[in-house]
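The block underneath contains the structure these notes are about, expressed in structure tokens.
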Amino acid sequence: MKLCRYGKNGLEKPGMIDAEGRLRDLSKVIEHIDHNTIGPRGLKMLAKIKPETLTVVPGNPRLGVPYTGIGKFVAIGLNFSDHARESNLPIPSEPVVFMKATSCISGPSDDVIQPKGSTKLDWEVELGVVIGTKAQYVSEEKALEHVAGYCLVNDVSERDFQVGRPGGQWDKGKGCDTFGPIGPWLVTADEITDS
């Protein structure tokens, strides 16, 4: 399934993308796409819905973040050796883990606001892994059992805030408001066969 939310910022409705790429309205079935919806029980219920039975949404509405209630935005830095080399940084022996503020979250086509004093705005397309059930002290073998699906994430950075100035920090350079566009949809894990 491809799940999404559409409409004006703060007033989004739940939607589903059909096999032909059309947006279908899910609001008569569920109120929100949230932690309950993307948990195993919610996804099982949604999997029974035939998209063609849902109303096609006319026009080209704004798409928001595909699900709501995001509690943590955990990111991995320098996860491509080529990116580490182009940044003149050593390839890390352990993942570089950092947090992005939840205020950075925005829809996939929403405006990114360049912060005051910004001189080196940059972006990277990333794969977002959406955790659908609580995952704490999970073994590597069982990790994918907690994944609800995947989405695109635009990891926006202000490189001067991050590494250029004295006192530069990853959180400072990557956590500004609007620096985490997500979407346009959440593709459920069952759709990905080569994990």
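The values are calculated or read from the model by the stated rules, or taken from the named source; none is laboratory data. Please read these numbers as outputs of a predicted model, since none were measured by experiment. So basically every Cβ, Gly included, is an ideal-geometry build from the backbone, and we count neighbours across all protein chains shown. Each accessible area value is taken on the protein alone, full model and side chains, heavy atoms only, with ligands, DNA and RNA left out. Shrake-Rupley method; radii C 1.70, N 1.55, O 1.52, S 1.80 Å.
Regarding residue 71, is this residue small (Gly, Ala, Ser), farther than 20 Å from residue 109 by Cα and open to solvent by 30 Å² or more (accessible area, probe 1.4 Å)? Yes: the conditions hold for residue 71. Mind checking whether some residue in region 51-63 is in contact (Cβ under 8 Å) with a residue 24 or more places away in the chain, open to solvent by 60 Å² or more (accessible area, probe 1.4 Å), part of a loop (DSSP other than H, G, I, E, B) and within 30 Å of residue 111 (Cβ to Cβ)? Within region 51-63, one or more residues are in contact (Cβ under 8 Å) with a residue 24 or more places away in the chain, open to solvent by 60 Å² or more (accessible area, probe 1.4 Å), part of a loop (DSSP other than H, G, I, E, B) and within 30 Å of residue 111 (Cβ to Cβ). Residues considered: 102, 53. Of these, the only one that is modelled with pLDDT of 95 or more and more than 19 Å from residue 159 (Cα to Cα) is 53. For region 13-48, a residue qualifies if it is open to solvent by less than 30 Å² (accessible area, probe 1.4 Å), assigned to a loop (DSSP other than H, G, I, E, B) and more than 15 Å from residue 151 (Cα to Cα), and the qualifying residues are 18, 26, 30, 37, 39. Of the strands (runs of 3 or more DSSP E) entirely within region 110-195, those holding at least 2 residues that are open to solvent by less than 40 Å² (accessible area, probe 1.4 Å) and touching a Lys or Arg at 6+ places or on another chain (Cβ under 8 Å) occupy 147-158, 186-188. Filtering region 6-34 to residues that are in contact (Cβ under 8 Å) with a residue 40 or more places away in the chain and closer than 18 Å to residue 189 by Cα leaves 15, 17, 33.
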